[in-house]
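Encoded as structure tokens, the structure appears first; notes follow it.
The values are calculated or read from the model by the stated rules, or taken from the named source; none is laboratory data. What you see is a predicted model, and the numbers here were worked out from it, not measured in a lab. Glycine gets a Cβ as well: all are built from the backbone with ideal geometry, and neighbour counts include every protein chain shown.
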Amino acid sequence: MDHVLDVGRRSQPVTQDDKPPYALFNKVGMLGLALPILVNYPSNHTFRNQGLGMLWDSTTSNWEDPFTNEHEYCT
């Protein structure tokens, strides 16, 4: 998925294989193919505290939420 992210942004390494009932795209040792789906509920950590949906932005040197255009291609 990194090839569709904005310049200076990269995904996190895959640390565990995707498991059902989720789509089985990401596998350890391979580049990530999809971000976690956009979900919003109180205990969801996907898009905060360096959760799996956060992207490294080299221009700000921080983990950041994906931009809208990045979500369109990576989910």
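Residues in region 19-75 that are among the polar types (S, T, N, Q), in a loop (DSSP other than H, G, I, E, B), under 16 Å from LEU5 (Cα atoms) and at pLDDT below 85: 1 in all. Checking every residue in region 22-30 against the condition of being among the charged types (D, E, K, R) and loosely packed, with under 11 Cβ neighbours inside 10 Å gives zero matches.
Residues of region 1-33 being of a type in the set (Val, Ile, Thr) and more than 13 Å from the chain's Cα centre (by Cα), which ones? If you could, list the steps in order and put the result at the bottom.
Taking region 1-33 and keeping what is of a type in the set (Val, Ile, Thr), we get 4, 7, 14-15, 28.
The answer is VAL7, VAL28.
Restricting attention to region 4-18, the residues that are out of contact with any Leu (no Cβ under 9 Å at 6 or more places or on another chain) and either aromatic (Phe, Trp, Tyr) or outside any loop (DSSP other than H, G, I, E, B) (or both) add up to 1.
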